[in-house]
Amino acid sequence: MLAQAFFFWIFAAVLVGSALAVILARNPVHSVLFLILAFVNASGLFVLMGAEFLAMILIVVYVGAVAVLFLFVIMLLDVDFAQLKQGFVQYLPIGGLIAICVGFELWYVTAGWTRSPHPAAAAAPTALVGNTKALGLVIYTRYAFFFEAAGLILLTAMIGAIVLTLRHKVGVKRQDIAEQVARSPATAVELRKVASRAGI
């Protein structure tokens, strides 16, 4: 029990420090690296809680795909960071107001959690089933509607991002499915009679 508490405080301290470094780092590449460190420590906390499946998902999906994708996008794009920081003072009051609202929400959630008379209500359903099965039972029964709604929202966001970033360039050949399906042998095949010892 002492070792578990020791590792909990190590993972929690490094997680909070790396999360602050993500926000305070001046270089976006450093922010992504600190984000990866935060994900790794969060997965360590999941392992201590007995949620091995969530820990592996956090490492494989977020560190292995999302964070690395962010890193490559930031490194490959020629972003002028001096130009991005020009409107910092202009949007500082709005950003401060949003920060105050988020801080109040975090305080409210934390205060409500500490005053809860039944803190064990949010625990795992039972220890008789595995972590993955228990997670699936909760997601696809009690929270099935919210799970499907989140999937629809993410799908809509993905389609919107594709539509906003799609640019049609003049002179670039593109695939036309309707034209391909409507083709017939008469229009798709051209027969030429080539003379002997002559090229096409």
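Full extension of the chain between Ala144 and Arg26 gives 38.4 nm of extra length, using 0.36 nm per residue less the Cα-Cα distance. Taking every alpha-carbon pair in the chain and binning the separations at 10 Å intervals from zero gives 6, 15, 28, 21, 12, 8, 6, 3, 1, 0 percent. Consider all pairwise Cα distances in segment 128-177 and report the whole-number % of them above 17 Å. Cα-Cα pairs in segment 128-177 separated by more than 17 Å: 62 percent. Which value, in Å to one decimal place, does the Kirkwood hydrodynamic radius take for segment 1-80 when every pair of different Cα atoms is included? With all distinct Cα pairs of segment 1-80 included, I get 13.3 Å. Listed values for segment 49-66 are Karplus-derived 3J(HN,Hα) couplings in whole Hz (6.51 cos²θ - 1.76 cosθ + 1.60, θ = phi - 60°), namely 7, x, 9, 5, 5, 5, 5, 5, 4, 4, 6, 6, 7, 7, 6, x, 10, 5, and x replaces Gly and Pro. Sorting 8-15, 88-95 by their mean Cβ neighbour count within 10 Å, with the most densely packed peptide first, gives 8-15, 88-95.
Here, each number is a calculation from the coordinates, and none is a lab measurement. Bear in mind the structure is a predicted one, so any value in this text is a computation, not a measurement. Cβ sites come from the backbone with ideal geometry, for glycine too, and all protein chains shown count toward neighbours.
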